[in-house]
1. What value, in deg cm²/dmol to 500, does the helix sum -39500 (n - 2.57) over DSSP H runs of n ≥ 4 give at 222 nm once divided by the residues of the chain?
2. Return the Cα extents of segment 430-498 along principal axes one, two and three, sorted largest first, each rounded to a whole Å.
3. If we restrict to alpha carbons, what Rg and Dmax does the chain come to, in Å?
4. How would H69, H174 line up by accessible area, probe 1.4 Å, largest first?
5. With θ taken as phi - 60° and the coefficients 6.51, -1.76 and 1.60, list the Karplus ³J(HN,Hα) couplings across segment 335-343 in order, rounded to whole Hz; mark glycine and proline as x.
6. Under 14 Å from the Cβ of Y264, count the other residues' Cβ atoms, weight Lys and Arg +1, Asp and Glu -1, and hand me the total.
7. Summing +1 for each Lys or Arg and -1 for each Asp or Glu, what net charge is found among the other residues whose Cβ lies under 14 Å from the Cβ of K449?
8. Of K186/K449; K339/K420; K302/K440; K200/K237; K128/K449; K353/K477, which ones are farther than 28 Å apart at the Cα?
Amino acid sequence: MTRRSFLGCGAAAWLAARRAGSAEPRPNIVILLADDLGYGDTSCYGAERVHTPNIDRLAAQGVRFTDAHTSAATCTPSRYSILTGEYAFRVPNAKILPGDAPALIQPGRVTVASMLHARGYRTAAIGKWHLGLGNGNLDWNAEIRPGPLEIGFDECFLIPATGDRVPCVYVENHRVANLDPADPIKVDYRGPLDDSPTGKTHPELLKMKPSHGHDMTIVNGISRIGYMSGGKAALWKDETMADTLTDRAVSFIGRNARQPFFLYFATHDIHVPRAPHQRFHDSTTMGPRGNVIAELDWCVGKIVGTLEARGLLSNTLLVFTSDNGGVVDDGYQDEAVEKLGSHRPNGPLRGGKYSNFEGGTRVPMIVHWPGRARPGVSDALVSQVDLLRSFARVAGTELAPGAGPDSENVLGALLGESRKGRQLLVEQAGDLALRDGTWKYIAPGSGPKIEPYTHTEMGTDPGPQLYDLAADIGETKNLAARDPARTAAMAGKLRRIVIR
Ligand code: NG6
Ligand code: CA
């Protein structure tokens, strides 16, 4: 009997994993990425008027981070950084993209998906994409590429951009799902394609009215950003979106239970339009914005429950986090402002989505890996841009030279073994900010101090700003004038990272 057959396949795989530098078979890796979920929006981060038992359970059994960051205060740049390990400020096109934007990440780039794929993982992107598709002038009725499948994902089921942007259809691999070829889709962000009613011309047709923007094509009684026509059979229903996406994730896990997999699950919740399934209508007293948090928590519970039921949870490294800070009125009259009461979407932080203040990029983040991640609370400074290099270590590989240029291996911090994450971290909003430990510097900027629609405090100032977050987490005392030496030193460090 040969040594190989004596050991059997499982033992051989274990030996191979050991030789590759990891002590056990490669774990599954799951990123659960919420949209616009603020630092204070879950009960484990202090919310009292919404209960998130499933997210709280992950926090109780995993590492809950108090100083984890997205790379940017809006979605597209933030997600770009998660997948590529590169700060998005280096890429001029990485701004909030329209629904017809070309693919931002070019085929051939090393991404979390391609790196894990090369290590034998099955990989899926399910949910919100917002990183562009195609090469420009995309024909939604033909093959849609390049997209996730060209940067390392084996399969995808996508909201192409956002829930509030056309086209309001799912893309499955290279095609619009459920498309009737006799009813082709057209998309245009410049102007109406026909004389169909819009949110602007026919507000009486709407079940949820915009508060700013969002007055173009009407789909499912909700007007959106951009114009589309056709594709009737393929249009989504907002109220079943969480169920649809979660079902897809459950199916992917079921089909891949016997081999390592990587699931990038990006919810629509809690982005606008906030239209949860009816069963969540009474989940909170905060109206739709509270109820979509309950819906998000349900999705998390369903996915974690599936992993558990299949005996996969103990061998799964799961990261739950958000793509940017919380926002209250983000464009629809959905009672979010009126029913907010004492709830603080961004907890003790100043600003929120869009802002240079900590509320822009400091987000909930929980790392769960039974037996490997030590349960507890960590104040290590970590960025989502670090996931690529840290996951490479988990998968027993190194990144190719030049890949993930801003990504640091912070695996020790992610697993709660070390309190040390990064020393320096860039936050991107309207302006750039630098964290150096618990100090924060915000570069001078010329934008408005208060964003006129969302009323977000943008943290913009014509002069430099310096905050001592250890003493002043709410960024209330600008110390730049009092400490010009530290201010200049931090400005210099930021400049060196930018020009690197
Ligand atoms: C803004 C939208 C906002 C949201 C955001 C992107 C208006 C007035 N506001 O431009 O509703 O869609 O873009 O959000 O159109 S993100 O989370 O995808 O970055
Ligand atoms: Ca977002």
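The values are calculated or read from the model by the stated rules, or taken from the named source; none is laboratory data. Note that the structure is predicted; figures quoted are calculated from it, not measured. Methodologically, a virtual Cβ is constructed for each residue, glycine included, from the backbone with ideal geometry; neighbour enumeration extends over all protein chains shown. With ligands, DNA and RNA removed, areas are computed over all heavy atoms of the protein, side chains included. Shrake-Rupley method; radii C 1.70, N 1.55, O 1.52, S 1.80 Å.
1. Working: 10 runs with 112 residues, N = 500.
After summing the helix terms and dividing by residue count, I get -7000 deg cm²/dmol.
2. Projected onto the principal axes, the Cα atoms of segment 430-498 cover 35, 27, 19 Å.
3. Using the Cα atoms of the chain, the pair Rg, Dmax is 22.2, 78 Å.
4. Values: H69 0, H174 30 Å².
Accessible-area ranking of H69, H174, largest first: H174, H69.
5. The phi angles translate into 6, 4, 6, 4, 9, 5, x, 7, 5 Hz.
6. Numbers: positive: R79, R122, K128, R248; negative: D35, D154, E155, D323.
Cβ neighbours under 14 Å give a net charge of 0.
7. Working: positive: R350; negative: D431, E451, E457, D461, E475.
Every neighbour counted, the sum reads -4.
8. Working: K186/K449 38 Å; K339/K420 39 Å; K302/K440 38 Å; K200/K237 21 Å; K128/K449 30 Å; K353/K477 21 Å.
The answer is K186/K449; K339/K420; K302/K440; K128/K449.
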